[in-house]
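Enquirer: Here it is, the structure, as structure tokens.
The values are calculated or read from the model by the stated rules, or taken from the named source; none is laboratory data. Worth saying up front: this structure is predicted, and the values here are computed from it rather than measured. Backbone-built Cβ (ideal geometry, glycine too); neighbour counts: all protein chains shown. When the accessible area is computed, the model is the full protein with side chains, heavy atoms only, and any ligands, DNA or RNA have been set aside. Shrake-Rupley method; radii C 1.70, N 1.55, O 1.52, S 1.80 Å.
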Amino acid sequence: MFYDVAVIGGGAIGSSVAYFLRGHPHPPSVAVIEPDPLYELASTPRASGGVRRLFSAPENIKMSKFGIEFFTSFERRVTVDGAPAAAIEWLPQGYLFIVPPHDVPVLEENFRLQQAHGVNVVLLDRNGLARHFPSMRVDDLGAGVWSPDDGWLDPNGVLQGLRRKARALGAEYIADRVVAIDVADSAHTLTLAAGDTIRTAATVNATGAWAAEVCAMVGMPLPVMPMRRFEHYFETPATIEPLPYVKDSNRLAFRPEGRGYSGGVPDVGEPRGFNFDVDHGYFERVVWPALAHRFSGFEAVKCKNTWAGLYDQNEFDGNPVIGAWGGRLDNFYVAAGFSGHGLMHAPATGRAIAELVIDGGFETIDLSRLGFERIENNTPYPERGII
């Protein structure tokens, strides 16, 4: 079988790539190869669903801006046979980053950059935080930045909507696993676990936490590792004012969800690997103390459910790798290493890869600084402040 483009990985990133490739005025033939068609271990359905523009890298701000534009019109964009392919329940209840006094200068610098890029952001000092969020402890805080137009959505709705629309546009989804890639000539030969082979003029690696394994098949040293993180659903009998998505410099991150809240505290020291085991004591040991410290209303919190997912953690600088292996394998593209930001940047990433593959370069957002070249040149491009 021959396809113009083979996308390895059919999660939110891979399905977005397929959506934009097939939606192009000159669409190539596309195969999406996904070994887990029920997405039982996929990162997308296990994500928190947050979408925010509170970044320091202009590229990330721009990708989030496009993502929010895309998600606010999602049902129209993914209509199939006159009906929306999925609902994503977009809730623009805002984001709030809070920092201690010593981190205020970086927060203010990021705030000014976000303003310069047209983001609706509000800088709040300690008194401002107390006025807006009276249930929150603020005596140990220096400031916060609130973006009232950011929010969250249903990750599985995004995945299913993009997947169904990509298929309706003509992308073929193949339930199999790529076990080898032969790049001996300009076209690639992908060998599947079932024994079939696929020939393609271009390959896109959108396998998330598994991306380094796929890159190793062509000799590309991608510094992306799977990092386990827990998401918890919890409730409290206390009355707390409506909250945005709250995130602090110690990685506490949570948001309202129905009658309760969803969130956690990712552990950057977590041993890397494909581990989906749930540590049922983690909430009591780590998350509850952080919640109760910041909001006294969480002192009586009850954790109702915990699940594990994987970040595709870029160990080099925490930002994604988007682009080709320039000068080595110009028709092998990578979209991985999002380190927890893949869902919110899936629309912009899909569009960017489609531009590279079909048009030969970035047409909308210049993501050159997120290319693999920075890794080869040892020039990290990390976020500054809260990530």
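Enquirer: So, L54, is that one aliphatic (A, V, I, L, M), open to solvent by 10 Å² or more (accessible area, probe 1.4 Å), within 30 Å of F276 (Cβ to Cβ) and touching a Phe, Trp or Tyr at 6+ places or on another chain (Cβ under 7 Å) or not?
Expert: Against the criterion (aliphatic (A, V, I, L, M), open to solvent by 10 Å² or more (accessible area, probe 1.4 Å), within 30 Å of F276 (Cβ to Cβ) and touching a Phe, Trp or Tyr at 6+ places or on another chain (Cβ under 7 Å)), L54 does not qualify.
Enquirer: Of the conditions (1) in contact (Cβ under 8 Å) with a residue 12 or more places away in the chain; (2) out of contact with any helix residue (DSSP H, G or I) (no Cβ under 9 Å at 6 or more places or on another chain), W288 fails just one. Which one is it?
Expert: With (1) in contact (Cβ under 8 Å) with a residue 12 or more places away in the chain; (2) out of contact with any helix residue (DSSP H, G or I) (no Cβ under 9 Å at 6 or more places or on another chain) applied to W288, the lone miss is (2).
Enquirer: Looking at segment 173-193 only, could you name the residues that are open to solvent by 50 Å² or more (accessible area, probe 1.4 Å) and more than 26 Å from H24 (Cα to Cα)?
Expert: Scanning segment 173-193 gives R177, V179, D182, A184, D185, A193.
A quick yes/no check of all residues on (1) within 23 Å of F20 (Cα to Cα); (2) within 25 Å of the chain's Cα centre (by Cα); (3) surrounded by fewer than 23 Cβ atoms within 10 Å (Cβ to Cβ); (4) not β-branched (V, I, T):
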| residue | (1), (2), (3), (4) |
| --- | --- |
| P134 | no, no, yes, yes |
| V158 | yes, yes, no, no |
| A171 | yes, yes, no, yes |
| G195 | no, no, yes, yes |
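Enquirer: To continue, here is another question. Pull up segment 205-234, narrow it to residues that are open to solvent by 40 Å² or more (accessible area, probe 1.4 Å) and part of a helix (DSSP H, G or I), then point me to the one that is farthest from Y173 (Cα to Cα).
Expert: A216
Enquirer: Residue by residue through segment 70-87, note down the ones that are touching a residue at least 24 places away in the same chain (Cβ under 8 Å) and within 26 Å of H117 (Cα to Cα).
Expert: Once the filter is applied, which keeps residues that are touching a residue at least 24 places away in the same chain (Cβ under 8 Å) and within 26 Å of H117 (Cα to Cα), segment 70-87 yields F70, F71, F74, R77.
Enquirer: Would you please name the residue that is surrounded by the fewest Cβ atoms within 10 Å (Cβ to Cβ), looking only at residues in segment 235-247 that are in contact with a helix residue (DSSP H, G or I) (Cβ under 7 Å, 6 or more places away or on another chain) and of a type outside the set (S, T, Y)?
Expert: A238
Enquirer: Here is a follow-up. So I88 clears everything in (1) under 25 Å from L243 (Cα atoms); (2) in contact with a strand residue (DSSP E or B) (Cβ under 6 Å, 6 or more places away or on another chain); (3) in a loop (DSSP other than H, G, I, E, B) except one condition, right? Which one?
Expert: (2)
Enquirer: Here is a list: A87, A57. Which entry is within 22 Å of T364 (Cβ to Cβ) and touching an Asp or Glu at 6+ places or on another chain (Cβ under 8 Å)?
Expert: A57
Enquirer: Got a sec? Which of A308, A324, A290 is buried (at least 17 other Cβ atoms within 10 Å of the Cβ) and more than 30 Å from D139 (Cβ to Cβ)?
Expert: Checking each option against the conditions leaves just A324.
Enquirer: Could you check segment 363-387 and list, in sequence order, the residues that are buried (at least 17 other Cβ atoms within 10 Å of the Cβ) and free of Cβ contacts under 8 Å to residues at least 60 places away in the same chain?
Expert: G371, R374
Enquirer: Related question: Check segment 165-183 and report whether any residue there is closer than 21 Å to R251 by Cα, of a type in the set (A, V, I, L, M), at pLDDT 95 or above and in contact with a Phe, Trp or Tyr (Cβ under 8 Å, 6 or more places away or on another chain).
Expert: For segment 165-183, residues closer than 21 Å to R251 by Cα, of a type in the set (A, V, I, L, M), at pLDDT 95 or above and in contact with a Phe, Trp or Tyr (Cβ under 8 Å, 6 or more places away or on another chain): absent.
Enquirer: Moving to a separate point now. May I ask you to say which residue of V99, V122 is open to solvent by less than 70 Å² (accessible area, probe 1.4 Å) and in contact with a helix residue (DSSP H, G or I) (Cβ under 7 Å, 6 or more places away or on another chain)? Spell out how you get there, then give the answer.
Expert: Working: V122 fails: in contact with a helix residue (DSSP H, G or I) (Cβ under 7 Å, 6 or more places away or on another chain).
Testing whether each residue is open to solvent by less than 70 Å² (accessible area, probe 1.4 Å) and in contact with a helix residue (DSSP H, G or I) (Cβ under 7 Å, 6 or more places away or on another chain) leaves just V99.
Enquirer: Looking at the structure I just gave you, is L343 in contact with a helix residue (DSSP H, G or I) (Cβ under 9 Å, 6 or more places away or on another chain), within 20 Å of A209 (Cα to Cα) and open to solvent by 10 Å² or more (accessible area, probe 1.4 Å)?
Expert: Against the criterion (in contact with a helix residue (DSSP H, G or I) (Cβ under 9 Å, 6 or more places away or on another chain), within 20 Å of A209 (Cα to Cα) and open to solvent by 10 Å² or more (accessible area, probe 1.4 Å)), L343 qualifies.
Enquirer: When you scan segment 23-45, do you find a residue that is among the acidic types (D, E) and out of contact with any strand residue (DSSP E or B) (no Cβ under 8 Å at 6 or more places or on another chain), even just one?
Expert: Checking segment 23-45: at least one residue is among the acidic types (D, E) and out of contact with any strand residue (DSSP E or B) (no Cβ under 8 Å at 6 or more places or on another chain).
Enquirer: Continuing with the same structure: Under the condition of being assigned to a loop (DSSP other than H, G, I, E, B) and touching a helix residue (DSSP H, G or I) at 6+ places or on another chain (Cβ under 7 Å), which residue from segment 306-336 is nearest to I386 (Cα to Cα)?
Expert: N319
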